[in-house]
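Single-structure report; data block below.
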Amino acid sequence: MYSNDLICDIIEYLNNNINKEITIEELSSIFYFNKTYIMKKFKKELNLTIHEYINTMRIYNSLIFFKDDNYMLSIAFKNGFNSLEYFSETFKKIIGVSPIIYKKYINYKYVTNEEQDKILENISKINNIKNSVLNYLNHRKPQFSNYVKKYKL
């Protein structure tokens, strides 16, 4: 069974614009579908909301900055968050610990076994989401070039 072309296009758009502000209204306008339809179809196809996907990918992308960047606000802005508070709240929800605890973890400073377990478990969940979405994109119906269509090869 093939993946839905609309959802594949939306995923590709989100991935290409993940660090920018993205609204459902914008997606509706770009893809010419009602925003309710887009949200329901995305949820049905991927079992997560558009906002969950965006926030998960933004947090995942932010993880690489923690080793070199000491400014949380800078990390937040680089990854599409407009405020440090929202970044921290979203980070804790997705990773299971605050950004400060995660920074300690990657710098080999003391964190509890419980915190370490949460971090590893939640990063594994993010990787599962990424793999699931990649698998979904890989099942897109093949697109034939105009040459093939024109000459019916």
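We did not get these values from a lab; they are worked out from the coordinates using the rules stated. All figures in this text were calculated on a predicted structure; none of them were measured in a lab. Note that each Cβ is placed from the backbone with ideal geometry, even for glycine, and that neighbours are counted across all protein chains shown.
Under a Gaussian network description of the chain, with springs only between Cα atoms under 10 Å, the residue in Ile94, Ile106, Ile54 that fluctuates furthest is Ile106. With the simple spin-label model, which puts each label point 7 Å out from Cα in the Cβ direction, the Ser132 to Asn47 separation comes to 0.5 nm.
Fewest-first ordering of Arg58, Arg140 by other beta carbons within 10 Å of each residue's beta carbon gives Arg140, Arg58.
In this structure, the amide hydrogen of Arg140, modeled 1.01 Å from its nitrogen in the peptide plane, lies closer than 5 angstrom to those of Ser3, counting only residues at least 5 positions away or on a different chain. Taking 0.36 nm per residue of separation and subtracting the current Cα-Cα distance, fully stretching the chain between Glu12 and Thr36 would add 6.7 nm. Per-residue Karplus couplings for the range 72-86, computed as 6.51 cos²θ - 1.76 cosθ + 1.60 with θ equal to phi - 60°, are listed in order as 4, 4, 4, 4, 4, 5, 4, 10, x, 9, 8, 8, 5, 4, 5 Hz, Gly and Pro entered as x.
Note on Ser124 and Arg140: their simple-model spin labels are 3.1 nm apart, each label 7 Å out from Cα toward Cβ. Given R0 = 35 Å, the distance between the Cβ atoms of Ser88 and Ile24 translates into a calculated FRET efficiency of 0.90.
Quick one: if you take sqrt(5λ) for each eigenvalue of the C-alpha gyration tensor of the chain, what semi-axes come out, biggest first, whole angstrom? Here the semi-axes work out to 34, 17, 14 Å.
Taking the Cα centre of the range 5-139 as the origin, how large is its charge dipole in debye, to the nearest 20, when only Lys and Arg (+1) and Asp and Glu (-1) carry charge on their Cβ atoms?
Values: 17 positive and 16 negative charges, 40 e Å.
With only Lys, Arg, Asp and Glu charged at Cβ, the dipole is about 200 debye.
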